[in-house]
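Down below is the structure, laid out as structure tokens.
The values are calculated or read from the model by the stated rules, or taken from the named source; none is laboratory data. Since the model is a prediction, treat every value here as computed from it, not as a measurement. As a convention, Cβ positions derive from the backbone with ideal geometry for all residues, glycine included, and neighbour counts pool all protein chains shown. Only protein heavy atoms, including side chains, enter the accessible area calculation; ligands, DNA and RNA are left aside. Shrake-Rupley method; radii C 1.70, N 1.55, O 1.52, S 1.80 Å.
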Amino acid sequence: AGIIGAGGNSGAVAFGMGFRNLEYKDAFVIMGTTIMVSSVLSFFVCIPGCSRMLGGEDDVPAKDTLAVPTPETDKVDDVNA
């Protein structure tokens, strides 16, 4: 159920149809092959700014801290009046 759920609705329909139309052994072979191929392909996913699975470094720029703006005295006096 977890493997089918990870594929979302399309994974549930695809594997459900596989078990309905094929013998169980063939359906499990197809499901296992699909999972192994997708896990191998995850090594090639590259997200900009992040390291890869097998190496590299994160390239995250340092964030500047936010400064709290000082209120203008004229506007503060209008609100308090």
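In square nanometres, what is one fourth of the surface area of the convex hull spanned by the alpha carbons of segment 5-68? Numbers along the way, then the final one.
Details: hull surface 29.6 nm².
Taking the Cα atoms of segment 5-68, their convex hull projects to 7.4 nm² on average.
Across segment 48-59, computed HN-Hα scalar couplings (Karplus, 6.51 cos²θ - 1.76 cosθ + 1.60, θ = phi - 60°) run x, x, 10, 6, 7, 5, 9, x, x, 10, 6, 10 Hz from first to last residue, x flagging Gly and Pro.
Remark: segment 28-34, residue by residue, has Karplus-estimated 3J(HN,Hα) of 5, 5, 5, 5, x, 5, 4 Hz, where x stands for each Gly or Pro and the curve is 6.51 cos²θ - 1.76 cosθ + 1.60 at θ = phi - 60°.
The residue list Tyr24, Ile35, Thr65 was ranked by how far each Cα lies along the charge dipole of segment 24-69 toward its positive end, using unit charges on Cβ atoms, and Tyr24 comes out on top. Residues whose amide H comes within less than 5 Å of that of Cys50, counting only those at least five positions distant or on another chain, are Asp59 (H built at 1.01 Å from N in the peptide plane).
Using a 1.4 angstrom probe on the protein heavy atoms only, line up Ser10, Ser39 by accessible area, largest first. Before the final figure, lay out the partial values.
Working: Ser10 85, Ser39 60 Å².
Output order, biggest surface exposure first: Ser10, Ser39.
Scalar couplings 3J(HN,Hα) for segment 36-43, obtained by applying the Karplus form with A = 6.51, B = -1.76, C = 1.60 to θ = phi - 60°, are 5, 5, 5, 6, 5, 5, 5, 5 Hz; x denotes Gly and Pro. Label-to-label distance for Ile47 and Thr65 is 2.8 nm, based on points extended 7 Å past Cα in the beta-carbon direction.
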